[in-house]
1. Is there any pair with a first residue in region 334-345 that is farther than 14 Å from residue 288 by Cα and a second that is modelled with pLDDT of 85 or more and part of a strand (DSSP E or B) whose Cβ atoms are under 7 Å apart and which are 6 or more apart or on different chains, and what are they?
2. From the list 436, 454, exactly one residue is touching a strand residue (DSSP E or B) at 6+ places or on another chain (Cβ under 8 Å), within 22 Å of residue 468 (Cβ to Cβ) and modelled with pLDDT under 90. Which is it?
3. For residue 276, all conditions in the list (1) surrounded by fewer than 19 Cβ atoms within 10 Å (Cβ to Cβ); (2) under 28 Å from residue 291 (Cβ atoms); (3) without any contact (Cβ under 8 Å) to a residue 24 or more places away in the chain hold save one; what is the number of the exception?
4. Is it true that some residue in region 95-116 is touching a strand residue (DSSP E or B) at 6+ places or on another chain (Cβ under 9 Å), assigned to a strand (DSSP E or B) and at pLDDT below 85?
5. Taking residue 179 and the conditions (1) surrounded by fewer than 19 Cβ atoms within 10 Å (Cβ to Cβ); (2) part of a loop (DSSP other than H, G, I, E, B); (3) not assigned by TED's automatic domain parsing to the domain that holds residue 102, which numbered condition does it fall short on, given that it satisfies the others?
6. Tell me, which strands (runs of 3 or more DSSP E) wholly within region 261-350 include 2 or more residues that are over 18 Å from the mean Cα position of the chain (by Cα)?
7. Given the structure, is residue 625 in contact (Cβ under 8 Å) with a residue 12 or more places away in the chain and surrounded by fewer than 20 Cβ atoms within 10 Å (Cβ to Cβ)?
8. Can you pull out the residues in region 476-499 that are assigned to a loop (DSSP other than H, G, I, E, B) and within 14 Å of the chain's Cα centre (by Cα)?
């Protein structure tokens, strides 16, 4: 091969070398390759060196070839790619050939170096041959191994950097990073010359990989230096902790599980694979302990694809972010660092399986979305009185379709439904369920408990529901901004806990209640059609503005936000939720109409269409009426209801009428309807602290 030349022709070959250019490969040595001065030196035998060189070749890695200037001892290193090595010779090809400025006659070969993750290996072989293409060396019998720097520098390929200071932006690349510092090469422009960078002021560092932001944070400048071809800054992050979410008093419980899951991901800056054991885990994140020099986990760094592996039993993938980094100080752990990682998003069913495991580790009677015995479930609903005679008379004609619907909900684990049970030997003692029924709102329903010697099972199942909700609501894919619940004020348990919490919080923007009249309406075919001047049409922005204004006269609550009835200037299609239901073989549609007189909205009618008795009071398959003009005749409203209810297949349609005072005081008196009262409870899940604080006092 032409890259070999006899050693007695080295100087001549070097003097005549003109091939290629190396604007970024040759540099004065000031990298993480130098050993820590005074460090204890060990040695690596030739056999071990050969194995490391072959591993480097197998992985497509490089080594550094060092030359020393014969006059001023200045060092220059070139990156080279090792060829397969079989024990006597080492052949390396230049990663980029030396440029014409490099005169080999001015330099002496001084050796090569590589790292193995634990330190720096320096070899001082003899040169067999050298050319513009590569170099051939006689391998030494042993090579020096140095402990390396206190903090290893990890090279960072293909990471772009932006530095923002005092309204100016400087572009560059991230060269390497350690546990405590970044090394950034910057490029000045006419609009932002390097001289305008103030080393006395802090700055913002933004790092991107493959076009996606990986890190941003405030940094200070530790050092600035000029290398052969670029200006470099060494930066240190100002904080080892970030506040990803608003602080909470009531937080996820951290657990030690056995076996602990492996946390596996590709480092977004270095590209290296990271595999760590979780020290503890909760439904909101994990904590890992790492060697100080091992992986350089930086607070604020985003991890797009992280996997939790539970003893090969199952895996959970998620998007995550490093929240804090804490150096351990005890004598036994002085070289270790502890990092907290928060889950930013996770597939809903993966998160459900994770929480199910964690809840079971605390109480082996608590289950999330356990595949229940359907006969036992129906026995539970009847024996607890949840399905009482009047309710059964309403649903009994559709019992076969109801059984099929509940089989899908309770055995297929659809991501739009969750159920929680307290079980003993397969027998359900307590139960509650949730259903994602609006875009960012989950309906809590079917709360019931058998009489049991164990006291407090109802509150225990609510505790489980609360823990699940807290851990889940921050995940974007969960679409969980609000939790709602309908209950009758005469039902003591929900009235005490849900209504009691709302009253104690005393802030309707955090938790609110609104009362509806509930009744079953029988369609009247003769009443279809509206008088002249009246129309029932698709709702528009101005109609929703009218509804909001009317609602604010009565309440400062959350009802309209939770039910997706807030006015929005831009179109916000809500077909995704319907598609999710359809994917599970279930039905979910919504139609909202405005009842107008001479073009002015007097009421809104929201027709929710779902499989019969998804909610056993069929509140999910009902018409909700929101009266804007309180002088509206119920006869007109009745006619509009006849038109809106054409989409229903059942003979009786559940109706929720707001405000309750309209149903109680409708005129003329004979138009007043016989109804029951239902309370709509809404919790803004940004206020979970308020909920848990007052809920604990009510238990």
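1. Going by the 7 Å Cβ cut-off, the qualifying pairs are 344/319; 344/320; 344/321; 345/318; 345/319.
2. Numbers: 436 fails: modelled with pLDDT under 90.
Exactly one of 436, 454 is touching a strand residue (DSSP E or B) at 6+ places or on another chain (Cβ under 8 Å), within 22 Å of residue 468 (Cβ to Cβ) and modelled with pLDDT under 90, namely 454.
3. With (1) surrounded by fewer than 19 Cβ atoms within 10 Å (Cβ to Cβ); (2) under 28 Å from residue 291 (Cβ atoms); (3) without any contact (Cβ under 8 Å) to a residue 24 or more places away in the chain applied to residue 276, the lone miss is (1).
4. Within region 95-116, one or more residues are touching a strand residue (DSSP E or B) at 6+ places or on another chain (Cβ under 9 Å), assigned to a strand (DSSP E or B) and at pLDDT below 85.
5. That leaves (1) as the condition not met.
6. Details: elements: 262-266, 273-281, 285-291, 302-310, 314-327, 336-346.
Output list reads 273-281, 285-291, 314-327, 336-346.
7. Working: in contact (Cβ under 8 Å) with a residue 12 or more places away in the chain: yes; surrounded by fewer than 20 Cβ atoms within 10 Å (Cβ to Cβ): no.
Against the criterion (in contact (Cβ under 8 Å) with a residue 12 or more places away in the chain and surrounded by fewer than 20 Cβ atoms within 10 Å (Cβ to Cβ)), residue 625 does not qualify.
8. Residues of region 476-499 that are assigned to a loop (DSSP other than H, G, I, E, B), as a first pass: 479-481, 488-491.
479, 480 - these are the residues of region 476-499 that are assigned to a loop (DSSP other than H, G, I, E, B) and within 14 Å of the chain's Cα centre (by Cα).
The values are calculated or read from the model by the stated rules, or taken from the named source; none is laboratory data. This structure is a prediction, so every number in the text was calculated from the model and none was measured. Don't worry about glycine lacking a Cβ; one is built from the backbone with ideal geometry, like all the others, and counts go over all protein chains shown.
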